[in-house]
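The values are calculated or read from the model by the stated rules, or taken from the named source; none is laboratory data. The model shown is predicted, which means the values in this text are computed figures rather than measured ones. All Cβ positions, even for glycine, are placed from backbone atoms using ideal geometry, and neighbour counts span all protein chains on display.
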Amino acid sequence: MNRDSGAEEKIVRREFRIPVQEKDDIRMRINEKEYAVTNLASRGVQIVYGSKDEFEPHADLGHAELVIKERRIGVRARVMYTTKFDPEHFACGFYFYELGEGDLDFLREFISQKRGNLFPDT
């Protein structure tokens, strides 16, 4: 959904997303610029940014990089939505339509471990 345009669009999430904190050291690198990640799934992320017109829904970003601590994962990504995050920032969701099988396995395992930390009794 792009709340800024008033368009209503249903977003269906098929995977568990983990919340990301600054101490987790997870970010997206797009065109030599880094963005804070606020949540992570094996096939996408949500980032926070400051300029309303920086991303457009459905835009193909082409190559980008997901950075988790020292590990760099090359992805090809598409903008799924943009929305207001807080009074000064916007949020944008990306879908990874291409990433290596080994990287996908790494992300699934990483998310599974983080999920176990969030919900230890499940």
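Here are a few things to note about the model shown:
- Among (1) at pLDDT 95 or above; (2) over 13 Å from the mean Cα position of the chain (by Cα); (3) farther than 18 Å from V20 by Cβ, the one test that R72 misses: (3)
- Annotation: of all residues in segment 37-69 being in contact with a Leu (Cβ under 9 Å, 6 or more places away or on another chain), at pLDDT 95 or above and not aliphatic (A, V, I, L, M), the one that is surrounded by the most Cβ atoms within 10 Å (Cβ to Cβ) is Q46.
- Residue within segment 88-107 that is part of a helix (DSSP H, G or I), hydrophobic (A, V, I, L, M, F, W, C) and surrounded by 18 or more Cβ atoms within 10 Å (Cβ to Cβ) present: yes
- Annotation: I47 fulfils all but one of (1) in contact with a helix residue (DSSP H, G or I) (Cβ under 6 Å, 6 or more places away or on another chain); (2) within 15 Å of I18 (Cβ to Cβ); (3) aliphatic (A, V, I, L, M); the unmet one is (1).
- Condition met for S112 (surrounded by fewer than 16 Cβ atoms within 10 Å (Cβ to Cβ) and either in contact with a Pro (Cβ under 9 Å, 6 or more places away or on another chain) or closer than 17 Å to P19 by Cβ (or both)): yes
- Selected residue (only one of E98, E70 is closer than 15 Å to G44 by Cα and charged (D, E, K, R)): E98
- Checked across segment 3-10, the condition of being closer than 19 Å to I111 by Cβ, part of a loop (DSSP other than H, G, I, E, B) and either of a type in the set (V, I, T) or modelled with pLDDT under 95 (or both) holds for no residue.
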